1. Could you give the angle, 0 to 90 degrees to the nearest 10, between helix 82-92's Cα long axis and the longest principal axis of the Cα atoms of the chain?
2. So how do 251-257, 89-95, 48-54, 79-85 stack up, highest first, on mean other-Cβ count within 10 Å?
3. Using only Cα atoms, find the angle between the long axis of helix 39-49 and the longest principal axis of the chain, and express it within 0 to 90 degrees, rounded to the nearest 10.
4. Counting Lys and Arg as +1 and Asp and Glu as -1, each charge on the Cβ, what is the dipole of the chain about the Cα centre in debye, to the nearest 20?
5. Please check: in the Gaussian network model of the chain (C-alpha springs, under 10 Å), which one of Gly139, Gly70, Gly127 has the largest mean-square fluctuation.
6. Roughly how many percent of the accessible protein surface of segment 1-160 is carbon and sulfur, given a 1.4 Å probe and a whole-percent answer?
7. Tell me the angle of helix 125-140 to the major Cα principal axis of the chain, expressed in degrees between 0 and 90 and rounded to the nearest ten.
8. Quick one, which of (1) 58, 46, 33; (2) 55, 37, 37; (3) 71, 38, 29 is the actual Cα extents along the principal axes in Å calculated for this model?
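The values are calculated or read from the model by the stated rules, or taken from the named source; none is laboratory data. Computed from a prediction, not measured in an experiment: that's the story for all the values here. Here the Cβ positions follow ideal geometry from the backbone for every residue, glycine too, while neighbour counts run over all protein chains shown. Quick note on the areas: whole protein, heavy atoms, side chains included, nothing else; ligands and nucleic acids left out. Shrake-Rupley method; radii C 1.70, N 1.55, O 1.52, S 1.80 Å.
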Amino acid sequence: MILVTGRNGQLGTEVCHLLDEKNIDYISTGSKEMNITNSEITMNYIKKINPDVIYHCAAYTAVDKAEDEGKELAEKVNVEGTRNVALAAKEVNAVMVYISTDYVFDGLLKDGEYAIDAQTNPQNEYGRTKLLGEQAVQGILEKYYIIRTSWVFGQYGHNFVFTMQKLAENRDTLTIVNDQFGRPTWTRTLAEFMDFVIEKKSPYGIYHLSNDGSCSWYEFAKEILKDNNGVTVLPVTSEEFPQKAKRPQYSIMDLNKSKNLGFKIPSWQDTLEIFLELNKYV
């Protein structure tokens, strides 16, 4: 039996669709069924279901809001909520899959890739709370997968791809940051990796998973809009486009541990092409 938290979110919805396709039994929850910030409700719900695996997709992901108005909620969901799920997972002896982020790193690496064991040093509240979530899982459980991902896009939520397409409908020119570098991740690839590590009984621990290759946000936007001749995409610096939450300048993570499991990671360009084709008539 599999339990999926955060079923209404971008990743949770993708995971549920994948499990449906594979005819795998699962129960999915949103905050109405199981408020993970309430330890008693979470413990009772998970003990009642008694899952073997918990895909913990529920998270507070509003990066800028987490700096002020959403700070308390980010702490409750990403730290306390994750701790509550981990404690319940331990009680029922379930494997927990926790999704983390490249924002646990400071982005000061000049080249190369962030290794699994690289020094963490989050520069914003979202990254800080996700790192504390990692530490809660590690401190409570032995049977866990922590999967750090980055620049997530998918069919079932707000993301950079949809934002670019929407802006391009009403503007002739878009200015996009060209000095922040990372790896885009299609939710489908991430969901397939989550399923893969469980199915293959891969060694427990921390993994990095995004699509292969890297780019700047500007390069990502250019690729998204390459068939749109009505809009010009121009590069700008981070200083010219200030945001409330500080983003890592460079957060390219080493994928070798995930690749060495035998999981085939497609490039971000290939997955973006498939994604755009799938959403062409939606």
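1. Compared with the principal axis, the helix lies near 40 degrees.
2. Result, highest mean first: 79-85, 251-257, 89-95, 48-54.
3. It is inclined by approximately 70 degrees.
4. Details: 30 positive and 39 negative charges, 105 e Å.
Roughly 500 debye for the chain.
5. Gly139
6. Answer for segment 1-160: carbon and sulfur cover 45 percent of the accessible area.
7. Tilt relative to the chain: about 30 degrees.
8. (2)
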